Amino acid sequence: MRSFKRSVRVSSLVLEILADIVGNLVKDPRVRSVVFTRVEVGDDLHLADVYYRVLQGDAPTTAAGLENAKGFIRKELGAQLRIKFTPEIRFFFDDSPEKIERVEQILKNLHRDEDEHKS
């Protein structure tokens, strides 16, 4: 029996292919500093949620560049992925590092408050 769902394997493959496409084939300078952090492909393989971070520049400009190149990216993805359906792509800015940092700060503050009340 398979140890991973097909959608998980396809997600991993889509992540690799997208990085190659955007890094080597997309000419739009607005997406030069994009880094894909994860891809979540639905169980039916029809939808791929692609999460990204921006190394330089601003997120709205990068988002516009990704949306502009989405058709080209999907066409190239379909050519390289070689599955029956090419997933529809949705791009999302990955704000999880900020969320993690905020939760860690809240936890630090709670521990500091507990230490102050013990004194």
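Every number in this text was worked out from the coordinates using simple rules, so none of it is lab data. Computed from a predicted model, the values in this text were never measured in an experiment. Cβ coordinates were reconstructed from backbone atoms using ideal geometry, including for glycine residues, and neighbour counts include every protein chain displayed.
Taking a ≥ b ≥ c as the square roots of the eigenvalues of the Cα gyration tensor, the range 1-42 is prolate, since a/c reaches 1.5 or more and a/b is larger than b/c.
Net charge of the neighbourhood of F72, taken over other residues with C-beta under 11 Å away and scored Lys/Arg +1, Asp/Glu -1, is +2. Highest-first packing order for the peptide set 23-32, 45-54, 72-81 is 45-54, 72-81, 23-32, based on the mean count of other beta carbon atoms within 10 Å. Computed from label points 7 Å out along Cα-Cβ, the spacing between L47 and A64 is 2.7 nm. Taking the Cα centre of the chain as reference, the dipole from Cβ charges on Lys and Arg (+1) and Asp and Glu (-1) amounts to some 700 debye. Take the Cα radius of gyration of the range 6-94 and divide it by 2.2 N^0.38 Å, N being the number of residues; the result is 1.00. Histogrammed with a bin width of 5 Å, the alpha carbon distances of the range 61-109 distribute as 4, 18, 17, 14, 12, 10, 9, 8, 6, 2, 0 percent, first bin at zero.
Taking the helices alone, the chain has a mean residue ellipticity at 222 nm of -19000 deg cm²/dmol, built from -39,500 (n - 2.57) per DSSP H run of at least 4 residues and averaged over all its residues.
Here the range 6-94 carries DSSP beta bridges of which approximately 55% are antiparallel, counting only pairs with both residues inside.
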